[in-house]
Amino acid sequence: MLNAGASWGRIFAVIMKEIKQLSRDRMTFGMIIMIPLVQLMLFGYAINTDARHIPVGLVDLSQTSESRALVQAVTATQSVDFHAVYTSLHDAEAAMTRGDVRATLYLPPDFSARLIQHPRYGTNPTASALTQPVGQWIVDGSDTVIAAAIKALRTMPLDEVANRTVSQTIPTFEVVQYFNPEQRTVVNIVPGLLAVILTMTMILFTATAIVREQEQGNMEFLITTPIRPMELMIGKIAPYVVVGMLQIMIILGVGYGVFSVPIAGSLMVLGIASLLFIFASLTLGLVISTIAKTQLQAMQITVFILLPSILLSGFMFPYDAMPQGAQWIAEGLPATHFIRMARAIVLRDADLLDLQADALWLGLFTVLGVIIAARRFHKTLG
Amino acid sequence: MSNAGKFAIEAQGLTKAFGEHIAVNELNFRIPKGCIYGFLGPNGCGKSTTIRLMTGLLTPTSGEITILGQTLAGHEEAIKQKLGYMTQKFSLYDSLTVLENLRFVAAIYGFTGTRRTQRIDELLHLYDLKNQAKQYAGSMSGGQKQRLALACATLHSPELLFLDEPTSAVDPENRREFWERLFDLCDAGTTILVSTHYMDEAERCHALAILEDGHLRADGSPAELMNAMPANVVEIGGEQLRQLKQALLQQSEVLSAAQIGAHLRVLVKKTQTDPLRFLALLCAGRPMQLARPSLEDVFVTCTGTRHDE
Ligand SMILES: Nc1ncnc2c1ncn2[C@@H]1O[C@H](COP(=O)(O)OP(=O)(O)OP(=O)(O)O)[C@@H](O)[C@H]1O
Ligand SMILES: [Mg+2]
């Protein structure tokens, strides 16, 4: 609809006006910079999915040198920290209910007898009819990450307890970690944060910027001037493309500087992918602005889109582990496609050809969004 | 079509319904070129809605509008270039300065370079905004805002200017000043349509239409309207006017009775050929005299529940 009558002069006038207003709106201006910084610090430092140093309790009914050796060996894994010793299981359960500890290691009175018969302890690694586990973990299973970390202790070797050097068992599979060999969560989170933060700011800023003009009555005057809806929309969202790129630079810069997240791929490819995503988000904001009557409504609709963008896009939980239905919803969100692209480029040095499907999706989003917004926008004028 | 050159606005059967509610009901009027035309009516009578219909902001439910000889429907874009519109609520940007607002509007209307600078200078001077040029619009007084809004609405020298309650936040002194500017514009050939609920403002118009509840109750020049008023005005003096008022309102010939200072201003239907004798029978011994009708009397006569019985 950007037909022959479109005037760059008018678009430019709207852009300049928008920039002036934005630069005078300290709050919004601050948010542009603070949102990515704060989120990055929060996610980078606070959120860690490798659980370590889980507070646990101990009930040791055998009180032998072997049981003490076992507790030491468990502590040495760094998965758990023994915070308290209880005299009975009953006390330990109460402590777990209160939340003092997340799990309890229970060593029965016949611990030493069990230990001696255990194949991992003895020199003859075959199980006899008398073999039993040497102790029991009682776990607060409500947090699955913690439960999984303790489950991993199930098959802990007992060589250390037996005062032997740890035997080298040959694994069935060898695992080689590509792209994030140290398995740091933050490396995966930073590219994901790009998508989450931009979803939030881009959609919210455009949606409210246009609704604000309606709410404050500016639109009533503008409609009677020769400005075209398309010119107004382009002029209003253009400054936010720059804002979006700025936020991407902040996130990647801090990610690199503070969290040593390397950028494996080319900045050029990343820039193109980011632009595609910014355009898709901005047009989504435009569509919202044609639905919402007030800025509050615009914010509510933004949250409605932001939540699945955080939960289903692969940012929080692996996309492949989600049920089919959730995956379909995820495909409908621009954030899903951008997270895929951003991770591929930042971590795996993928180029655009590897990512053409997602790039195409984002392009399609933008085109569809512009068409819907333009049609609906005309209605609000009429 | 012989009238095409004579009228700035012609409306025929103009109707706008919002759901069940009919905000504008079968309006017919013609506004001659070069005059100041008033829409007089109480809150919610449909003044703003009618103006929005004529500026193309709203699409009529039925009826037809011709603006400057051209049918509005289908020609909105071309007609927009010739219209200026000052909204009831301030519609410029609070966080931009006076100058920035003017520059923005100038750019929207395609003014560039020295033409733009000159025109803005002219307007700043004309509307006495030179000292406020660098001030944020949001921090200005009601009168200053209104002058800025008029400057923006007239920046492109429109042939037809719509002003929706332009002086509701303005003191009488500034209101006079504002009307001076309107007469200047009118002299320069601009047709102006202004909505108001102030009688003194309505009186300044060349012609006006009285609206009530979406209906057009009367139209014409103030003098015509006063002459054609179907009631006589009698002023009654004396004590205990409030009781008298209640008593008089019982009479179906009495359209209205309102206390004004030490008098009771009574409108008696013209069907009563001798209003003084009619009233003397009702309140013997009080001083009373016929008075010249005012626009307010016209307004009261043709609105309210008693007018069409
Ligand atoms: N968009 C709308 N949707 C529904 N009803 C509306 C709408 N706009 C106006 N109305 C109704 O139409 C009627 C006329 O409104 P309008 O704004 O034209 O009155 P007005 O004469 O300008 O009043 P005021 O002097 O208070 O400005 C009112 O009853 C109003 O509630
Ligand atoms: Mg109004």
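The values are calculated or read from the model by the stated rules, or taken from the named source; none is laboratory data. From a predicted model like this one, the values you see are computed outputs, not experimental measurements. All Cβ positions, glycine included, derive from the backbone under ideal geometry; neighbour counts span all protein chains shown. The area values use the complete protein model at the heavy-atom level, side chains included, leaving out ligands, DNA and RNA. Shrake-Rupley method; radii C 1.70, N 1.55, O 1.52, S 1.80 Å.
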field: For the range B:229-308, size of Cβ-based charge dipole, Lys and Arg +1, Asp and Glu -1, in debye
entry: 80
task: Under 1.5 on a/c is rounded, so check that first for the range B:25-68, then, if it is not, pick prolate when a/b is larger than b/c and oblate when it is not; a ≥ b ≥ c are the square roots of the alpha carbon gyration tensor eigenvalues.
output: oblate
query: Given only helices, namely DSSP H runs of n ≥ 4 each adding -39500 (n - 2.57), what is the per-residue ellipticity at 222 nm of chain A, to the nearest 500 deg cm²/dmol?
result: -20000 deg cm²/dmol
query: Counting only other chains, what is the mean number of Cβ atoms within 10 angstrom of the Cβ of each residue in peptide A:205-217?
result: 1
query: What does the range B:3-226 give for Rg and for Dmax, in Å, if only its C-alpha atoms count?
result: 17.3, 52
field: Radius, Kirkwood style, for the range B:166-309 when every pair of distinct Cα atoms is counted (Å)
entry: 16.9
task: For the range B:3-226, calculate the relative contact order in percent as a whole number, restricting contacts to Cα pairs under 8 Å that are 6 or more residues apart.
output: 30
- line: Rounded to whole Å², per residue accessible area for chain B with a 1.4 Å probe reads 46
task: Please check chain A for the longest run free of chymotrypsin sites (Phe, Trp or Tyr not before Pro) that are loop-located per DSSP (anything but H, G, I, E, B) and have at most 12 other Cβ atoms within 10 Å.
output: A:179-382
query: In Å², rounded to the nearest 100, what is the total accessible surface buried by chains B and A against each other with a 1.4 Å probe?
result: 2300
task: Quick one: work out the % antiparallel among DSSP beta bridges in chain A, nearest 5.
output: 30
statement: If N is the residue count of chain A, its Cα Rg over 2.2 N^0.38 Å rounds to 1.35
- request: Divide the volume of the convex hull of the Cα atoms of the range A:54-178 by its number of residues and quote the answer in cubic angstrom per residue.
  value: 133
- prompt: What does the average come to when, for each residue of peptide B:89-96, you count the partner chain Cβ atoms lying within 10 Å of its Cβ?
  reply: 6
statement: Extension length gain for A:Ala326 and A:Gln300 (0.36 nm per residue less Cα distance), in nm, is 7.2 nm
- prompt: Taking a 25 Å limit on the Cα-Cα distance, which of the listed pairs B:Lys47/B:Lys270; B:Lys6/B:Lys47; A:Lys293/B:Lys134; A:Lys17/B:Lys16; B:Lys47/B:Lys245 fall beyond it?
  reply: B:Lys47/B:Lys270; A:Lys293/B:Lys134; A:Lys17/B:Lys16; B:Lys47/B:Lys245
- prompt: In a shell of Cβ-Cβ distance under 9 Å around B:Ile236, excluding B:Ile236 itself, what net charge do Lys and Arg (+1) and Asp and Glu (-1) give?
  reply: +1
task: Between the alpha-carbon centers of the range B:9-62 and the range B:136-156, tell me the distance in whole angstrom.
output: 25
- request: With a Förster radius of 25 Å, plug the Cβ-Cβ distance of A:Leu275 and A:Arg26 into 1/(1 + (r/R0)^6) and report the FRET value to the nearest 0.05.
  value: 0.35
- line: Expressed in µm² per second, the diffusion coefficient of the protein assembly as shown from the Stokes-Einstein equation, with Rh the Kirkwood radius over alpha carbon pairs, at 20 °C and 1.002 mPa s, is 67
task: Just need the relative contact order of the range B:229-308 here, percent rounded to a whole number, with Cα pairs under 8 Å and 6+ apart.
output: 40
message: Give me the inter-chain shielding for A:10-17: mean count of other chain Cβ atoms within 10 Å, whole number please.
response: 4
task: Run a plain Debye calculation on the range B:229-308 (Cα atoms as equal point scatterers, no solvent) and give log10 I(q)/I(0) at q = 0.16, 0.22, 0.25, 0.26 Å⁻¹, rounded to two decimals, same order as the q list.
output: -0.51, -1.01, -1.34, -1.45
task: Would you kindly calculate the translational diffusion coefficient of the range B:1-111, applying Stokes-Einstein with the Kirkwood radius from alpha carbon pairs, for 10 °C and a viscosity of 1.306 mPa s, and quote it in µm² s⁻¹ without decimals?
output: 101
message: Give me the dipole magnitude in Debye, nearest 20, for chain A about the Cα centre, with unit charges on the beta carbon: positive for Lys and Arg, negative for Asp and Glu.
response: 1280
- line: Treating only Lys and Arg (+1) and Asp and Glu (-1) as charged, each at its beta carbon, one finds that the protein assembly as shown has a dipole about its Cα centre, in Debye to the nearest 20, of 880
field: Given A:Lys236/B:Lys80; B:Lys33/B:Lys82; B:Lys80/B:Lys145, the pairs whose alpha carbons are separated by over 18 Å
entry: A:Lys236/B:Lys80; B:Lys80/B:Lys145
task: Pairs of Cα atoms under 8 Å, at least six residues apart: use those to get the relative contact order of chain A, whole percent.
output: 19
- request: Compute the semi-axes of the equivalent ellipsoid of the range A:171-305, taking the square root of 5 times each eigenvalue of the Cα gyration tensor, and list them largest first in whole Å.
  value: 39, 15, 11
query: Given B:Ala78, B:Gly5, B:Phe29, which one lies farthest toward the positive end of the charge dipole of the range B:3-226, if we put +1 on the Cβ of every Lys and Arg and -1 on the Cβ of every Asp and Glu?
result: B:Ala78
task: Assuming 1.002 mPa s and 20 °C, estimate D for the range A:7-110 with Stokes-Einstein, Rh taken as the Kirkwood radius over Cα pairs, in µm²/s.
output: 116
message: As I understand it, the value is the acute angle between the Cα axis of helix A:356-381 and the longest principal axis of the Cα atoms of chain A; what does it come to in degrees, rounded to 10?
response: 50
